[in-house]
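Peer 1: Below is the structure I would like to discuss, written out as structure tokens.
The values are calculated or read from the model by the stated rules, or taken from the named source; none is laboratory data. Just so it is clear, the structure is predicted and the values come from calculations on it, not from any experiment. Ideal geometry is used to build each Cβ from the backbone, glycine not excepted, and the neighbour counts take in all protein chains shown. The accessibility values were calculated without ligands, DNA or RNA, using every heavy atom of the protein model including side chains. Shrake-Rupley method; radii C 1.70, N 1.55, O 1.52, S 1.80 Å.
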Amino acid sequence: MPRPAPRTPAALLAIAPVERRRLQSRLLRWYRRCARDLPWRRTRDPYQVWVSEVMLQQTQVRTVEPYFQRFLAAFPTIRRLAAASIDQVLLAWQGLGYYSRARNLHEAATIIGRTRPVRWPTDADAWQALPGVGRYTAAAIASIAFDQPVAALDGNIRRVLARLAAVREPADAPAVQARLWRLAQNLLDPAAPGDFNQALMELGARVCTPRAPACRTCPLRAHCRAARAGLQQAIPVRRPRRAAPQVSALAAAIRHDGRYLLLRRGPRGLLAGLWGLPMVETPGPCDATAAALRRAVRPLTGLRVRSPRALGTVSHVFTHRKLTLTVFECALADRRAALSAPAPEAAWLAPAEFATRPLSELDRKALALLGAEARHALQQRTAPAAAVLA
DNA sequence: AAGACGGGGCA
DNA sequence: TGCCCAGTCTT
């Protein structure tokens, strides 16, 4: 039985120096003519580039723009960020998702900000040593802010390169990714690494889009194997992913003297570090009952409650689960009972004070069921500065 | 190698 | 609905 010959990891895309220069030149010319005017492209300040790159992780440009502006207004320098409390940072991040990004950004700010004057990392390896900075972000910052000749590979560039080389295997498989990183480095224009990386991303976002790529207007169409073969719609191939399971939970809005108990979630896991109602997962939607709520509250808070009343349910979709949350309002049974929450922090807040804490979208939906006053307070994006943090 | 980790935009 | 987005970290 003849064994299949071991496949040498041939270059993904053989490209002669002459053709590479043509590609670089066409791409950069297109980029300098057509690039969108984005706030973080008006500067090469490492702080702003860094903040933008972290915000842009798995998050679309349109979503990031207003957050970027507000974040820079609240924390104009790395020192101001380092000096801020985690709640101030999370408040500025609230609604953006992937909150570990905010915690890592804050932690890295305290690391870099320790030196005086601030000594910024310059090469990609030094950047990647910081929390929340992976291979992509390190390369993006080092190339954009410090002209380091290092290629970046993100979702956009992965799609562009997979089409350029007509990669027929799943592009998100680790082995294929490794080859795409090499291809990216091979194509990079070392004379303009920041613009080159951004140009590939811009091309992926504007022309080489996931569906219906605009090959007619693509500056790289002459170099694209997928377009030549008519495969641009079929590439990249993705591995199927598991559907998010449906889960149920219940939340307790425990009222006392017109205030409600909010807890800060623990340092790890879903929505870590954010504030919200005491909440617990239930086996099924039918288990979200008043009796179950009474049983659940004690281990959550150390309190005993009475007269639970269902206020309604809210639905929320996470990446990996679809949640149906039933919210109960209830009263404190023993007003002298001591709060012994396993949560690190707890606070009794009037609805008007809800906006003083960083909340997830899930908790904002849940708290909105408490009434018009709560809904009004939650419309404020952030609390008045004076109200934030005692 | 696979999963956890948010939220919004779009066909 | 399902897929995608300027990914990173943990197991």
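Peer 1: Out of the stretch A:233-259, which residues are under 14 Å from A:VAL297 (Cβ atoms) and open to solvent by less than 20 Å² (accessible area, probe 1.4 Å)?
Peer 2: A:ALA249, A:LEU250, A:ALA251, A:ALA252, A:ALA253, A:ILE254
Peer 1: Right, something else. Among helices (runs of 4 or more DSSP H) lying entirely in the stretch A:31-109, which contain 2 or more residues that are within 11 Å of DNA strand C (Cβ to nearest atom)?
Peer 2: Qualifying helices (runs of 4 or more DSSP H): A:46-55, A:61-74.
Peer 1: Out of the residues in the stretch A:51-105 that are of a type in the set (Ser, Thr, Tyr) and free of Cβ contacts under 8 Å to residues at least 60 places away in the same chain, which is nearest to A:TRP120 (Cα to Cα)?
Peer 2: Looking at the filtered set, the residue picked out is A:THR77.
Peer 1: Determine which single condition A:THR289 fails, assuming it passes every other condition in (1) modelled with pLDDT of 95 or more; (2) closer than 23 Å to A:LYS322 by Cβ.
Peer 2: Condition (1) is where A:THR289 drops out.
Peer 1: If you don't mind, there's one more thing I want to ask. Among the residues of the stretch A:110-125, which ones are more than 12 Å from DNA strand C (Cβ to nearest atom) and surrounded by 16 or more Cβ atoms within 10 Å (Cβ to Cβ)?
Peer 2: A:ILE112, A:GLY113, A:TRP120, A:PRO121
Conditions tested, residue by residue: (1) touching a Lys or Arg at 6+ places or on another chain (Cβ under 9 Å); (2) within 14 Å of DNA strand B (Cβ to nearest atom).
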| residue | (1), (2) |
| --- | --- |
| A:ASP172 | yes, yes |
| A:GLN177 | yes, yes |
| A:LEU180 | yes, yes |
| A:LEU183 | no, no |
| A:PHE196 | no, no |
| A:ALA214 | yes, yes |
| A:ALA222 | yes, no |
| A:ALA253 | no, no |
| A:TYR260 | no, no |
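Peer 1: Let me ask something else about it. Select from the stretch A:219-253 the residues that are in contact with a helix residue (DSSP H, G or I) (Cβ under 7 Å, 6 or more places away or on another chain) and either part of a strand (DSSP E or B) or free of Cβ contacts under 8 Å to residues at least 40 places away in the same chain (or both) and list them in ascending order. Reasoning before the result, please.
Peer 2: At the first step, the residues of the stretch A:219-253 found to be in contact with a helix residue (DSSP H, G or I) (Cβ under 7 Å, 6 or more places away or on another chain) are A:219-221, A:223-227, A:232, A:235-236, A:248, A:250-252.
Residues satisfying the conditions are A:ARG221, A:SER248, A:LEU250, A:ALA251, A:ALA252.
Peer 1: Separate question: Restricting to the stretch A:282-299, what's the tally of residues that are closer than 18 Å to A:LEU261 by Cα and open to solvent by 40 Å² or more (accessible area, probe 1.4 Å)?
Peer 2: Adding up the residues that qualify gives 4.
Peer 1: Hey, another quick one. Sort through A:THR209, A:THR289 and tell me the only one that's hydroxyl-bearing (Ser, Thr, Tyr) and touching a helix residue (DSSP H, G or I) at 6+ places or on another chain (Cβ under 9 Å).
Peer 2: Only one candidate passes the filter, namely A:THR209.
Peer 1: Additional query: Do we find that A:GLY134 is within 16 Å of DNA strand B (Cβ to nearest atom), open to solvent by less than 40 Å² (accessible area, probe 1.4 Å) and within 19 Å of A:ASP363 (Cβ to Cβ) in this structure?
Peer 2: no
Peer 1: Can I ask one more? So, A:LEU262, is that one over 16 Å from A:ASP334 (Cβ atoms), surrounded by fewer than 18 Cβ atoms within 10 Å (Cβ to Cβ) and assigned by TED's automatic domain parsing to the domain that holds A:ALA355 or not?
Peer 2: The answer is no for A:LEU262.
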